[in-house]
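Asker: Following this message is one structure expressed as structure tokens.
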Amino acid sequence: MRLAELSERSGVSTATIKYYLREGLLPPGHQINATTAEYDEEHLRRLRLVRAMIQVGRVPVGKVREVLGHVDDDSLGSAMRLGAAMWALPQVPEPDEDDEYVQAARQEVGTLLDRLGWENAKQLTSISPSYRSLVVTVAALRRLGYDFGAELLMPYAELMYRTAVLDLDNMEAYSSQEEERIEFAILGAILNEPALQALHRLAQEEETTRRYGFE
């Protein structure tokens, strides 16, 4: 398809597509002559992924380029390829290691991982943004006076593990192509997490009104 058709099918303006091409977010089309290129379904799929990351996920263009670089890096194994792409998404800042609440939070999260038996997660604590995010969150809660630790986190972690199993089952069922699976997982991280958050809040509203009514 030509650029105009790619624009029409994707709903993205030709000027924006050209910008994505210049920024390396889309691979170049097959050049027919000096002024014309052809695009295919792979370009359309990638364009929709880029658009979702930028518009819905609010991921900066530079981060999108970094994430897609990991998606396209077939020198990595599946786990590292997916992990590297996920970790390239915007994350929380590094915690202050001199903060006593951060130190206490690290102990609680370490206890949690031990109780869960998540040995692989324990091996990734030095590089995992997800681990860092959990530590920062627990530290903030404890700083506010909430004794939020391993005991309270356990049932939530178990629920999240079942959610992770569903995520990967859906990813594997989506496609047999490695690149498409990774793209599906990235899109899921951007769009699925807001959906899960919304479901969590709806469930809280439901249970709150069941317990206390509408007054």
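Asker: Within region 103-121, which residues are touching a Gly at 6+ places or on another chain (Cβ under 9 Å) and open to solvent by 70 Å² or more (accessible area, probe 1.4 Å)?
Answerer: Once the filter is applied, which keeps residues that are touching a Gly at 6+ places or on another chain (Cβ under 9 Å) and open to solvent by 70 Å² or more (accessible area, probe 1.4 Å), region 103-121 yields only Q107.
Asker: What number of residues within region 164-195 are under 24 Å from V59 (Cα atoms) and loosely packed, with under 11 Cβ neighbours inside 10 Å?
Answerer: 2
Asker: Could I ask something else about it? If D72 satisfies all but one of (1) under 18 Å from R46 (Cβ atoms); (2) modelled with pLDDT of 80 or more; (3) open to solvent by 40 Å² or more (accessible area, probe 1.4 Å), what's the number of the condition it fails?
Answerer: (2)
Asker: On the given criteria, is E193 out of contact with any helix residue (DSSP H, G or I) (no Cβ under 8 Å at 6 or more places or on another chain), at pLDDT below 80 and assigned to a helix (DSSP H, G or I)? Even if it seems obvious, please write down each step before you answer.
Answerer: Details: out of contact with any helix residue (DSSP H, G or I) (no Cβ under 8 Å at 6 or more places or on another chain): yes; at pLDDT below 80: yes; assigned to a helix (DSSP H, G or I): yes.
The answer is yes for E193.
Asker: Among the numbered criteria (1) farther than 21 Å from I190 by Cα; (2) in contact (Cβ under 8 Å) with a residue 60 or more places away in the chain, which one does L21 miss?
Answerer: Against the list (1) farther than 21 Å from I190 by Cα; (2) in contact (Cβ under 8 Å) with a residue 60 or more places away in the chain, L21 comes up short only on (2).
Asker: What are the pairs with Cβ atoms under 8 angstrom where one residue, in region 43-57, is over 16 Å from G188 (Cβ atoms) and in contact (Cβ under 8 Å) with a residue 60 or more places away in the chain and the other, located anywhere, is among the polar types (S, T, N, Q) and part of a helix (DSSP H, G or I)? Sequence gap at least six, or different chains.
Answerer: Qualifying pairs under 8 Å: none.
Asker: Test of understanding: among A37, A4, which residue is over 24 Å from Y174 (Cα atoms), without any contact (Cβ under 8 Å) to a residue 60 or more places away in the chain and open to solvent by 50 Å² or more (accessible area, probe 1.4 Å)?
Answerer: Going through A37, A4 in turn, the sole match is A4.
The values are calculated or read from the model by the stated rules, or taken from the named source; none is laboratory data. Just so we're clear, the structure is a prediction, and the values are computed from it rather than from any experiment. When we count neighbours, we look across all protein chains shown, and the Cβ atoms used for this are built from the backbone with ideal geometry, even at glycine. These accessible areas exclude ligands, DNA and RNA; they are computed on the full protein's heavy atoms, side chains included. Shrake-Rupley method; radii C 1.70, N 1.55, O 1.52, S 1.80 Å.
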